[in-house]
Amino acid sequence: METYDVELICKKEVAEGTMEFTLEKPAGFTYRAGQYGDIVLPNKGGASEQEYKHGFSFLSAPFEEHLRMATRMRNTPFKEAIKVTPDGTMVQLIATFGDFTLHKNEAIPAVFVIGGIGITPVRGMIAQATHDKTGHKLTLIYANKTSALAAYTDDLTQLAAQNPNFTFVPVYTEKEGHVNADLIKRHIPDVATPKYYLSGPEGMVKAMRSLLIEVGADEDNIRTEEFEGY
């Protein structure tokens, strides 16, 4: 991995309690959609590493002009620090990490079962596949408690309109209940064939992994990314 000095261009709220950070993309910087990097804030001295360094998935796709990341805002030292870091501040980016990326065989469908902020790496994968006009058949089941908590639904709806191979299934658990076997089977008739991507809070990822195996998914075809501290 490399370390880059980049500008924190801006911050904005993209859903209730969720903040997005836009970073300058260094010249020549390359990554695969779904990977992640560390943001390192200026250390004012005496701070512990958890106060100024944190890893985030890129929600941006490689073809896009800037790098974007997002997080649920909690009262953690880093999140309190970045919340008050002025736009235009120079920060460090350490990247890239991770292999939670879309498989290359376009004949194998991809199914994403995602909770909350776990959408960030997946949004980048779907955007890049749409941009590249790949042949992957993509299905996204995206669960949030309410629509207000769901980030990037407008973006995902637009991607579904652009990409005939992409099906977007939002699930709002407060009204509809949690993702269950019936929902999986309704949207994935041949559950044994796809590769599955699970990301979100640890408990949700483990529960969805067990559910998929129960309904007939191949355990070897399940990839996971657990988001700690949410």
Where residues in region 164-195 are of a type in the set (Val, Ile, Thr) and under 22 Å from the mean Cα position of the chain (by Cα), which of them is nearest to Lys145 (Cα to Cα)? Thr173
Among the residues of region 139-178, how many are free of Cβ contacts under 8 Å to residues at least 40 places away in the same chain, of a type in the set (Ser, Thr, Tyr) and in a strand (DSSP E or B)? 3
So, of the residues in region 102-125 that are without any contact (Cβ under 8 Å) to a residue 40 or more places away in the chain and not charged (D, E, K, R), which turns out to be surrounded by the most Cβ atoms within 10 Å (Cβ to Cβ)? Asn105
Would you point out which residue out of Ala110, Ala160, Ala207, Ala192 is farther than 27 Å from Thr71 by Cβ and among the small types (Gly, Ala, Ser)? Ala192
Residues of region 1-55 being hydrophobic (A, V, I, L, M, F, W, C), closer than 27 Å to Tyr197 by Cβ and modelled with pLDDT of 95 or more, in sequence order, are Val14, Ala15, Met19, Phe21, Leu23, Phe29, Ala33, Ile39
Count, please, the residues in region 87-97 that happen to be in a loop (DSSP other than H, G, I, E, B) and either under 11 Å from Leu41 (Cβ atoms) or not assigned by TED's automatic domain parsing to the domain that holds Lys25 (or both). 1
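This table checks each residue for (1) of a type in the set (S, T, N, Q); (2) surrounded by 15 or more Cβ atoms within 10 Å (Cβ to Cβ); (3) assigned by TED's automatic domain parsing to the domain that holds Gln35; (4) touching a Ser or Thr at 6+ places or on another chain (Cβ under 8 Å).
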| residue | (1), (2), (3), (4) |
| --- | --- |
| Thr139 | yes, yes, no, yes |
| Ala143 | no, yes, no, yes |
| Ala160 | no, yes, no, yes |
| Tyr172 | no, yes, no, yes |
| Ala181 | no, no, no, no |
| Ala207 | no, yes, no, no |
| Asp220 | no, no, no, no |
Selected residue (criterion: nearest to Thr76 (Cα to Cα)) from residues of region 1-39 that are of a type in the set (S, T, N, Q) and within 16 Å of the chain's Cα centre (by Cα): Thr18
Scan region 98-130 residue by residue and report those that are assigned to a loop (DSSP other than H, G, I, E, B) and not β-branched (Val, Ile, Thr). Gly98, Asp99, Phe100, Leu102, His103, Lys104, Asn105, Glu106, Ala107, Pro109
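One line per residue, one yes/no per condition, for (1) in the same structural domain as Phe21 (by TED's automatic domain parsing); (2) closer than 23 Å to Ala151 by Cα; (3) not small (Gly, Ala, Ser):
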site	(1), (2), (3)
Gly34	yes, yes, no
Asn43	yes, no, yes
Ser48	yes, no, no
Tyr52	yes, no, yes
Glu64	yes, yes, yes
Ala81	yes, yes, no
Restricting attention to region 186-205, which residues are loosely packed, with under 13 Cβ neighbours inside 10 Å and either at pLDDT 95 or above or acidic (Asp, Glu) (or both)? Arg186, Asp190, Ala192
Per-region count, region 57-101, residues farther than 21 Å from Arg32 by Cβ, surrounded by 13 or more Cβ atoms within 10 Å (Cβ to Cβ) and under 18 Å from the mean Cα position of the chain (by Cα): 3
Quick count over region 148-206, residues being of a type in the set (Gly, Ala, Ser) and under 22 Å from Gly135 (Cβ atoms), is 3
Kindly list the number of the only condition in (1) assigned to a loop (DSSP other than H, G, I, E, B); (2) without any contact (Cβ under 8 Å) to a residue 60 or more places away in the chain; (3) farther than 30 Å from Ile184 by Cβ that fails for Phe63. (2)
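The values are calculated or read from the model by the stated rules, or taken from the named source; none is laboratory data. It should be emphasised that the depicted structure is a prediction, and the values quoted were computed from it without experimental measurement. Note that each Cβ is placed from the backbone with ideal geometry, even for glycine, and that neighbours are counted across all protein chains shown.
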